[in-house]
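Written out below as structure tokens is the structure these notes cover.
The values are calculated or read from the model by the stated rules, or taken from the named source; none is laboratory data. The shown structure was predicted, so the numbers you read here are calculated from the model rather than taken from an experiment. Backbone-built Cβ (ideal geometry, glycine too); neighbour counts: all protein chains shown. Note: areas computed on protein heavy atoms with side chains; ligands, DNA, RNA excluded. Shrake-Rupley method; radii C 1.70, N 1.55, O 1.52, S 1.80 Å.
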Amino acid sequence: MQKAVLKRKNFLVEEGKVRLLRRKLRARSDSEAVRIAVDRQLAVKGIQDALYALRARGTLEDVFGRLKSR
């Protein structure tokens with residue numbers, strides 16, 4: 001696996017939310033908590049895109065009617 005290249009970025013975020021995120025994720029630092037959250041959100045988006053692609057091909061049936069049209 002290729003090692004990730006880290007680059008310093010400056011963001012304005014609510015300190016309380018970052019503190020809560022760090023606690024919930026049991027991260028060692030604020031930076032680690034944000035990296036974990038970004039990785040997880042990218043994974044969720046990838047899964048959503050795959051589901052929408054399956055639905056567009058007609059190979060996924062939305063039996064509960066929960067998938068929104070794009």
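Please compute the per residue accessible area over the chain with all protein chains in place, 1.4 Å probe, rounded to a whole number of Å².
Values: 7050 Å² over 70 residues.
Ligands and nucleic acids excluded, the result is 101 Å² per residue.
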- Message: Run the reach check for Lys3 against aspartates and glutamates, Cα to Cα strictly under 18 Å, same-chain hits fewer than 8 apart removed. What comes back?
- Response: Glu32, Asp39
- Query: Put a dot 7 Å past each Cα toward the Cβ at Glu14 and Asp49; how far apart are the dots in nm?
  - Reply: 2.9
- Cβ crowding within 10 Å averaged over residues, with 27-36, 2-11, 44-53, 57-66 ranked highest first: 27-36, 44-53, 57-66, 2-11
- Query: Where the accessible area of the chain is counted over protein heavy atoms with a 1.4 Å probe, how much of it, in %, is carbon and sulfur?
  - Reply: 54
